[in-house]
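Heads up, the thing below is written out as structure tokens.
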Amino acid sequence: MSLKDKISSMNMSEIVEMCIDQEQQAIDLYTMAMDQAKDDAARQKFQELVDMETVHKVSLKSFEIERYIDLPPADLKVTDYLMEPTMNDNLTTQEILIVAAKREDKTAKMYQDLADHFSADKKLNTFFQMMADEELRHKHDLESEYEQEFLPEG
Amino acid sequence: MDRQKPESFNPIPVKERLTIPRQNMPEQDPNIRNGNFLEVNLGLTEDQAVIEAQRCIECKKPTCIEGCPVSIQIPDFIQLICKQDFLAAANKIKEDSSLPAVCGRVCPQESQCEAVCVVGKRFESVAIGRLERFVADYAMQHGNGDGSQSNRPEPTGHKIAIVGSGPAGLAAASDLIKEGHEVTVYEALHEFGGVLVYGIPEFRLPKAILRKEVANLENRGVKFIKNFIIGRSMTLQELFEEEGFDAVFLGLGAGLPRFMNIPGENLNGVYSANEFLTRSNLMRGYDFPEWDTPLYRAKHAIIVGGGNTAMDAVRTAKRLGAEEASIVYRRSEEEMPARNEEIHHAKEEGVAFMNLVNPIEFIGDENGSVVAAKCLRMELGEPDASGRRRPVPIEGSEFIMEVDMVVIAVGNGSNPLIAQTTPEIETNKWGNIVADEDGQTSMEGVFAGGDIVTGGATVILAMGAGRKAATAINQYLKTKVGSVA
Ligand SMILES: Cc1cc2nc3c(=O)[nH]c(=O)nc-3n(C[C@H](O)[C@H](O)[C@H](O)COP(=O)(O)OP(=O)(O)OC[C@H]3O[C@@H](n4cnc5c(N)ncnc54)[C@H](O)[C@@H]3O)c2cc1C
């Protein structure tokens, strides 16, 4: 069953639960990455992501989130064709970035589907659209970092 | 402080100098050299060097010095060439650079000193790199390869270990031995020189140059120990505690191959650039069967990447007999980080360039050998942090091409061994050692510089970092360990 179909068969509390679960998985991943990171800049970066995803979790209770003025940057698709590493405690920074970017992509798609699903409800539609944009912004940041470090001559 | 303008030895009026054409360096014919490993560039003749030097217009504010990462006194050495005092010119360069014969060959001059040469604004810039190479070779041939002092200084009694014999380590060793310290270089591989011997091929940088540089340092008292891995054969702590070193310089480089994380990268016939070039250069794969290192002679070899490493690998593949050798690069030629000369030479030698193409999968046969690459076509989008325009995949543009050899040359990471075995050494998230401007790391008495700190960069920057750290080590020995004699 596609996510769209799945959404159609869910009630609102199931939808919120699915979204919170998705955000929690991201928080867990970034917390692990933060613990592994050896310098302050990296820790800070992952802390920021944990904070943002935590804000998302909270926002899902009220369906309100601060609006960004800028549209999300273009999707770089740098990690789209890369293999998804299986989760374990020994992921390298390269693998963490791939896992994270792919996760942001999936989450953005989930929110986009939800925005489409609620196209008739202005508040929910705007909320889920903004959430989708946020996740795409994260994906862009992670992929930029990936390009800089792992494809300097690529 | 205002710098003193060097005495002029150029008899030609300034206006006339601008009419002198840039002197072309003789080269091996492309169709001959793509079948051998001898050096491509043959060097300027003495006459050519003097004519080229005479093209310098002796600017009041020589921007070329600012363009050089180690501030070589370029106008000064150029005037000494005009004077035909080539040994003095070499010594002038040696004041700021430890490895001019190397830098004259491999520095990206077009984006450094020559990029800001005032003559270059309207005409072709003065060929500073070629002149540097000329005087360095002249000095080597005329027994003054050492370039600096020949008398041994008074021993200070201080012992310094250098880990890694790349340009950073060699430059640090050269400056520290000058001070009278006891200097020992530890190298993991069986030859000294780092990337300069295991990465950059003979046809661009003959190994004999490195051997001479190392022999010079040995003559000056530096001790060299090979096949010795710090972190495995001996730990960093043991260097201090058991071997009695007072300070250590880490010039470990960025030699860890990076892969792309796409399916099929572990098929037979898919190499990292590091492995491929090491097999050819260090293990003399190019001399097979004289040397016992087999390397595959491909029908179609593709090299993924657009840097110097990719150019070295593709030109090596061609020389090893590949029927077709192609660069596969996600961006366009304009964004390639490789030196212009390498791209130009590769083209002349028959290398094909498949730009705006990105492999997304390598496909194998029943024996697990690579037989094809699935690729996507790309288009250029907005610039990224490095200023290069970003490639964006074109939806539905997948295509498959036959290949029987692949070399991945998209970048390198730092080797994690020292960081893993020495928790006191702080590293950043990419595994690079964290060091300040002077190379001081988080561990007392331990300094670091070159690619291990910056990530993959250039020879001249590594050399400059080694020299800076040497100055800091001297200072450290004076203040912390006890006065230097
Ligand atoms: C194929 C290729 C082509 C390049 N072409 C150019 C070019 O044209 N121009 C340019 O400016 N730059 C070029 N570069 C980049 C340049 O070579 C590097 O920036 C430079 O060599 C870095 O110097 P380094 O001394 O920091 O390290 P390296 O040259 O990498 O040397 C480090 C040395 O340390 C040794 N080592 C590592 N760990 C240990 C240990 N634990 N114990 C003992 N020894 C250890 C290694 O074996 C190695 O020999 C190229 C790089 C590559 C790979």
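Values in this text are rule-based calculations from the coordinates and carry no lab data. Values in this document were obtained by computation on a predicted structure and should not be read as measured data. Neighbour counts run over all protein chains shown; Cβ positions are idealised from the backbone, glycine included.
Tabulated results
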{"quantity": "Inter-label distance for B:Glu7 and B:Ser386, nm, one decimal - labels placed 7 Å from Cα along Cα-to-Cβ", "calculated": "4.6"}
{"quantity": "Gain in span if fully extended, A:Thr92 to A:Asp80, counting 0.36 nm per residue against the direct Cα distance", "calculated": "2.5 nm"}
{"quantity": "Cα gyration tensor, region A:1-139 - rounded (a/c under 1.5), prolate or oblate", "calculated": "prolate"}
{"quantity": "Chain B - charge dipole about Cα centre, Lys and Arg +1 at Cβ, Asp and Glu -1, debye rounded to 20", "calculated": "940"}
{"quantity": "Radius ratio Rg over Rh of region B:259-410, counting only Cα atoms, Kirkwood formula for Rh", "calculated": "0.97"}
{"quantity": "Region A:55-128: trypsin sites (Lys or Arg not before Pro) falling in loop per DSSP and having at most 15 other Cβ within 10 Å", "calculated": "A:Arg67"}
{"quantity": "Within straight-line cross-link reach of A:Lys6, lysines at Cα separation under 27 Å, skipping those fewer than 8 residues along the same chain", "calculated": "A:Lys57, A:Lys61, A:Lys77, A:Lys102, A:Lys106, A:Lys109, A:Lys122, A:Lys123, A:Lys139"}
{"quantity": "Contour excess over end-to-end distance, with Cα ends at B:Val434 and B:Asp47 and 0.36 nm allotted per residue", "calculated": "134.6 nm"}
{"quantity": "Loop-exposed trypsin sites (Lys or Arg not before Pro) per DSSP, neighbour cap 13 Cβ within 10 angstrom, longest uninterrupted part of chain B", "calculated": "B:300-485"}
{"quantity": "Mean separation of Cα contacts under 8 Å (6+ apart) over length of region B:14-142, as relative contact order %", "calculated": "29"}
{"quantity": "Cα→Cβ-extended label distance, 7 Å offset, between B:Arg152 and A:Glu64, nm", "calculated": "8.0"}
{"quantity": "Partner chain coverage, peptide B:425-434 - average Cβ within 10 angstrom", "calculated": "5"}
{"quantity": "Inter-chain Cβ neighbour average for residues A:143-150, partner chain, 10 Å", "calculated": "5"}
{"quantity": "Relative contact order, percent, chain B [alpha-carbon distance under 8 Å, six or more residues apart]", "calculated": "15"}
{"quantity": "Compactness index (Cα Rg / 2.2 N^0.38 Å), chain B", "calculated": "1.01"}
{"quantity": "Loop-resident sites, region B:189-259, for GluC sites (Glu not before Pro), counting at most 10 other Cβ within 10 Å (DSSP)", "calculated": "B:Glu242"}
{"quantity": "Reachable lysines, given that their alpha-carbon falls under 28 Å from the alpha-carbon of B:Lys480 and they are not under 8 places away in the same chain", "calculated": "B:Lys159, B:Lys178, B:Lys223, B:Lys468"}
{"quantity": "Region B:46-51 - phi-based ³J(HN,Hα) in whole Hz, Karplus 6.51/-1.76/1.60, Gly and Pro as x", "calculated": "4, 4, 4, 4, 5, 4"}
{"quantity": "At most 13 other Cβ within 10 Å, DSSP loop - GluC sites (Glu not before Pro), region B:373-417", "calculated": "B:Glu395"}
{"quantity": "Estimated 222 nm signal from helices in chain B, with DSSP H stretches of n ≥ 4 weighted -39500 (n - 2.57), rounded to 500", "calculated": "-8500 deg cm²/dmol"}
{"quantity": "Nearest-0.05 FRET efficiency for B:Ile20 and B:Ser442, computed from C-beta distance (R0 60 Å)", "calculated": "0.70"}
